[in-house]
1. So in region 267-286, with the set limited to residues that are at pLDDT below 95 and of a type in the set (K, R), which one is nearest to the ligand (Cβ to nearest atom)?
2. Answer yes or no as to whether V104 is crowded, with 19+ Cβ neighbours inside 10 Å and within 30 Å of A26 (Cα to Cα).
3. All but one of (1) in contact with a strand residue (DSSP E or B) (Cβ under 8 Å, 6 or more places away or on another chain); (2) more than 19 Å from I144 (Cα to Cα); (3) small (G, A, S) hold for G66, so report the exception by its number.
4. Going residue by residue through region 134-146, is there one that turns out to be over 30 Å from D109 (Cβ atoms) and among the hydroxyl-bearing types (S, T, Y)?
5. Determine which single condition T289 fails, assuming it passes every other condition in (1) within 13 Å of the ligand (Cβ to nearest atom); (2) open to solvent by 50 Å² or more (accessible area, probe 1.4 Å); (3) in the same structural domain as A248 (by TED's automatic domain parsing).
6. Out of L71, L93, report the one residue that is crowded, with 17+ Cβ neighbours inside 10 Å and touching a Phe, Trp or Tyr at 6+ places or on another chain (Cβ under 6 Å).
7. Just for region 292-314: of the residues that are loosely packed, with under 12 Cβ neighbours inside 10 Å and either within 14 Å of the ligand (Cβ to nearest atom) or of a type in the set (D, E, K, R) (or both), which one is modelled with the lowest pLDDT?
8. Is region 150-171 home to any residue that is crowded, with 18+ Cβ neighbours inside 10 Å, in contact with a helix residue (DSSP H, G or I) (Cβ under 7 Å, 6 or more places away or on another chain) and within 30 Å of D30 (Cβ to Cβ)?
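The values are calculated or read from the model by the stated rules, or taken from the named source; none is laboratory data. Remember, it's a predicted structure, so these values are computed and weren't measured experimentally. Virtual Cβ from ideal backbone geometry, glycine too; neighbours counted across all protein chains shown. Just so you know, the surface numbers come from the protein's heavy atoms only, side chains and all, with ligands and any DNA or RNA stripped out. Shrake-Rupley method; radii C 1.70, N 1.55, O 1.52, S 1.80 Å.
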Amino acid sequence: MPELPEVESVRVGVHEWTAGTTITGAEVIDPRILGTTSQRRIDASAAEEFVAAVTGRRIIGAERRGKFMWLTLGEDPGVGQSAEPAAPELSLLVHLGMSGQLRVHNANDSIHKHTRAIFRLERGSAGSETDGESLQLRFVDQRIFGHLGVQPLVHAYGRLVPASANHIAADPLEPAFEPGLALEQLSRKRTVVKSALLDQSLVSGIGNIYADEALFRAGIHPLAIPARTRKSRLAAVLDSAARVMSDALAVGGTSFDALYVNVNGESGYFDRALLVYGRGGQECVRCGTEIEKMTIGGRGSHFCPNCQNAPRYR
Ligand SMILES: [Zn+2]
């Protein structure tokens, strides 16, 4: 699955190309993309409703919270009113899943065989100086693990988000994130810290890879219980999580100078500087001890038994 830095790189690219455009039409080539992993049977009317909901709307911007991405849509201000900012009304959810890609194309580019939906975009109104720029935002997904959907916007954790994201807490890289609140909630948890970090209702956006990296950097064992760990050490874990994710973004080196956004979370696109994740059996970069791997809550967890002391409770 793409982690936060990958999703953010897609968001930035999509925002650059689509913010301020109007969706003049849409086509759902494979209605299964409107379903979810557990429900892929979609009747024809759902596809029609989806197209009707997005057509004629102005894309205000691409937004993200944790690994959750969406386009905020507003009413199209109409001819001659394009300078007026539209009020956010609706969200177009884009869940990339395992193999989803968002691509920006010229309208006459050939269509990739795994294209599941197409949004026709136009910048500026007819007769204006910017007339003539017709783009297409295409959702390509070979294995159909991704999802597209339209949802109302609701207020949650300090900003407007799609309704189904209302339980997702702010992520450490967004302005609405309150470090004090997250620390307070984390410090009350009696589950193991590795699982607490993956709890999206506590802090969002920390996936398996960055949880392991954050715990290693902070010197905390993945089985430590937050409620029995000093707050300053928990604060260090949250700081480390924010830092490893922003570092990953910085080295991502994504450039969107071509008219083509083609980012796939599983492509190894990011040159992640990982110190512990995926290094089971190898030497610790700090002390040379063999990195261990164990399964916690069904997820592979990597840690140095020397740098991250096992908790001694009871
Ligand atoms: Zn070590």
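1. Ranking the qualifying residues of region 267-286, first place goes to R279.
2. Answer is yes for this residue.
3. Looking at each condition in turn, G66 falls short on (1).
4. No, every residue in region 134-146 fails to be over 30 Å from D109 (Cβ atoms) and among the hydroxyl-bearing types (S, T, Y).
5. The failed condition is (2).
6. After applying the criteria, what remains is L93.
7. R314
8. Scanning region 150-171, I find at least one residue that is crowded, with 18+ Cβ neighbours inside 10 Å, in contact with a helix residue (DSSP H, G or I) (Cβ under 7 Å, 6 or more places away or on another chain) and within 30 Å of D30 (Cβ to Cβ), so the answer is yes.
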